[in-house]
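**Q** Please see the structure below; I have some questions.
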Amino acid sequence: MVYSTAYPAKARTGLALALGAFLAGAATTAVAQGAPDQMPPTPVGVITLQPESVPQLAIIPGRAVAAESTDIRPRVSGMITEILYAAGQEVEVGTPLFRVEAATYEASLAQAQSQVASAQAALREAQSAFERAERLVGTGTTQANVDSARSVLDQAQAGLAAAEAGARLAEMELGWTTITSPIAGMAGVAQVSVGDLVSAGQATALARVTRLDPIEVDLFGPVARLQQLVENLGGGAEAQNLRATLILNDGTPYATQGELVAPGFEVSMSTGAIDTRFRFENPEFRILPGMFLRGQIEIGRTEGFLVSQAAATRDRQGNLSVWLLEEGAAQPRQVTDVGSYNHHWIITEGLTAGDQLIVDNFGRLQPGAPVQPVPARVDEYGIVHTLPADAATDAPAATE
């Protein structure tokens, strides 16, 4: 039996019509959808720039030094019998720190006091002999006897004075067996133990006491820069009333302002810098002697725009540029700065009031590329925060 695979003519005609309708529908859909999908506009955070009065700061490196610091050394020799403080303890003037064995000095004081008593007795005897010689002049006593009695009296008076001085010294040495702090401050770790022998005026300190509040900071500035600073301030009394602020090692500003203690009068032969000392309140002991810091001195104010340092780039030639939103597209613009303030560049040229600054998504930006603006703000540390959509009209400033 033979089977045929040919479709009837009517069936072939219907299949052709169905295929044609399918292709026509697909073409219609393609025309409706257009070309392949385009990338949507890049969302970017935007802030509105307004000029403001910004302080101009001179940033100078510095190092903290203790306002007062003293090494504790013994004034008498002997064995340490007690350590009277705890390391890290805050002490006042006269606080006992160590005690040296006192038996020898107690004996010396008793001996000196007995010598005072002996000298007083000798003085009384010499005084009586002198008075007796004066009464008997011309009745068996010559003037030579009187003069001799006077000499013995003077010697007795001198002997008493020497004995009293020796007693006072012995008393002081006995007092020095209790070693006290000459200043108020923080007491460091003891470098001796009970039973150690120490000697008067030894080179090795028993401990150190350091005053931390207030703390002083030496700012090291090139002589040319400091001279320019004084000129900007007008010199004279204005320069003598300098105030400084500090930036700590972690980049946070120190809350307290410092006052000028001593301007520098000598230029370092090796670095060409002048040391200027400022004093800062330090109640929490956040600043310790030896810490390296950055000092800021306000030298005036300028009108400009604050632009987060994260929202600007600097090329190899040192030119600074930012991205602005103009007619729905991102456009680069070169600007000029006069320094920085609180993680922001101070822009004085290249921007106008009301400019829309783009603050994020820089890696996806191209000149003229469309973008989708999103309200944002930049905090004092230069960190970008996106605002709710309804806050677009409520974000008046570039920074907080």
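The values are calculated or read from the model by the stated rules, or taken from the named source; none is laboratory data. A quick note: this is a predicted structure, and the numbers were derived from the prediction, not measured. Heads up, the Cβs are rebuilt from the backbone with ideal geometry, glycines too, and the neighbour counts pull from every protein chain shown.
**Q** Looking at Ala121, Ala149, can you tell me which residue is farther than 30 Å from Glu82 by Cβ, of a type outside the set (Phe, Trp, Tyr) and in contact with a Phe, Trp or Tyr (Cβ under 6 Å, 6 or more places away or on another chain)? If you could, list the steps in order and put the result at the bottom.
**A** Details: Ala121 fails: in contact with a Phe, Trp or Tyr (Cβ under 6 Å, 6 or more places away or on another chain).
It is Ala149.
**Q** Which one of Thr48, Thr81 is touching a residue at least 12 places away in the same chain (Cβ under 8 Å), out of contact with any Cys (no Cβ under 6 Å at 6 or more places or on another chain), assigned by TED's automatic domain parsing to the domain that holds Asp379 and surrounded by 13 or more Cβ atoms within 10 Å (Cβ to Cβ)? Walk me through it before giving the result.
**A** On the way: Thr81 fails: assigned by TED's automatic domain parsing to the domain that holds Asp379.
When all the criteria are applied, what remains is Thr48.
**Q** Can you go through Val307, Val261 and tell me which one is outside any loop (DSSP other than H, G, I, E, B), closer than 30 Å to Thr70 by Cβ and touching a strand residue (DSSP E or B) at 6+ places or on another chain (Cβ under 6 Å)?
**A** Answer to the check: Val261.
**Q** Check segment 245-254 and report whether any residue there is touching a residue at least 12 places away in the same chain (Cβ under 8 Å) and exposed (fewer than 12 other Cβ atoms within 10 Å of the Cβ).
**A** Scanning segment 245-254 turns up at least one residue that is touching a residue at least 12 places away in the same chain (Cβ under 8 Å) and exposed (fewer than 12 other Cβ atoms within 10 Å of the Cβ).
**Q** In segment 342-358, what count of residues is obtained for those that are touching a Lys or Arg at 6+ places or on another chain (Cβ under 9 Å) and over 16 Å from Val54 (Cβ atoms)?
**A** 1
**Q** Identify, please: which residue in segment 31-45 is of a type in the set (Val, Ile, Thr) and either at pLDDT 85 or above or in contact with a helix residue (DSSP H, G or I) (Cβ under 6 Å, 6 or more places away or on another chain) (or both) and is, among those, surrounded by the most Cβ atoms within 10 Å (Cβ to Cβ)? Break it down into steps so the answer makes sense when it comes.
**A** Step one: list which residues in segment 31-45 are of a type in the set (Val, Ile, Thr), which gives 31, 42, 44.
Retained after the next criterion (residues that are either at pLDDT 85 or above or in contact with a helix residue (DSSP H, G or I) (Cβ under 6 Å, 6 or more places away or on another chain) (or both)): 42, 44.
Numbers: Thr42: 18, Val44: 22.
Residue satisfying both the conditions and the ranking: Val44.
**Q** If Ala273 passes every condition in (1) modelled with pLDDT of 90 or more; (2) under 24 Å from the mean Cα position of the chain (by Cα) but one, which one does it miss?
**A** (1)
Residue-wise test of (1) assigned to a helix (DSSP H, G or I); (2) modelled with pLDDT under 95; (3) among the aromatic types (Phe, Trp, Tyr).
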position: Met79; (1), (2), (3): no, no, no
position: Gly88; (1), (2), (3): no, yes, no
position: Phe98; (1), (2), (3): no, no, yes
position: Ala110; (1), (2), (3): yes, no, no
position: Ala117; (1), (2), (3): yes, no, no
position: Ser128; (1), (2), (3): yes, yes, no
position: Glu131; (1), (2), (3): yes, yes, no
position: Glu134; (1), (2), (3): yes, yes, no
position: Thr139; (1), (2), (3): no, yes, no
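**Q** While we're on this one: If you scan segment 319-352, which residues turn out to be touching a strand residue (DSSP E or B) at 6+ places or on another chain (Cβ under 6 Å) and among the β-branched types (Val, Ile, Thr)?
**A** Within segment 319-352, Val322, Val335, Thr336, Val338, Ile346, Ile347, Thr348 qualify.
**Q** Here is a follow-up. Residue by residue through segment 90-117, note down the ones that are touching a Pro at 6+ places or on another chain (Cβ under 9 Å) and loosely packed, with under 13 Cβ neighbours inside 10 Å.
**A** Of the residues in segment 90-117, the ones touching a Pro at 6+ places or on another chain (Cβ under 9 Å) are 93-94, 98, 100.
Passing the criteria: Val93, Gly94.
**Q** Right, another one. If I go through segment 304-320 residue by residue, how many of them are exposed (fewer than 14 other Cβ atoms within 10 Å of the Cβ) and small (Gly, Ala, Ser)?
**A** Step one: filter segment 304-320 for residues exposed (fewer than 14 other Cβ atoms within 10 Å of the Cβ), giving 313-319.
In the following step, the residues that additionally are small (Gly, Ala, Ser) were identified as 318.
Total satisfying the criteria: 1.
**Q** In segment 278-291, is there at least one residue being surrounded by 15 or more Cβ atoms within 10 Å (Cβ to Cβ), under 18 Å from the mean Cα position of the chain (by Cα) and at pLDDT below 90? Steps first, please.
**A** Going through segment 278-291, the residues surrounded by 15 or more Cβ atoms within 10 Å (Cβ to Cβ) turn out to be 278-282, 286-287, 289, 291.
Filter once more, so that each one left must be under 18 Å from the mean Cα position of the chain (by Cα): 278-282, 286-287, 289, 291.
With at pLDDT below 90 added as a condition, the list becomes none.
No.
**Q** Being more than 32 Å from the chain's Cα centre (by Cα), in a loop (DSSP other than H, G, I, E, B) and not aliphatic (A, V, I, L, M) is the filter here; which residues of segment 168-201 pass it?
**A** Passing the criteria: Trp176, Thr177, Ser193, Gly195, Asp196, Ser199, Gly201.
**Q** Within segment 346-392, how many residues are part of a strand (DSSP E or B), modelled with pLDDT of 90 or more and closer than 20 Å to Glu303 by Cα?
**A** 6
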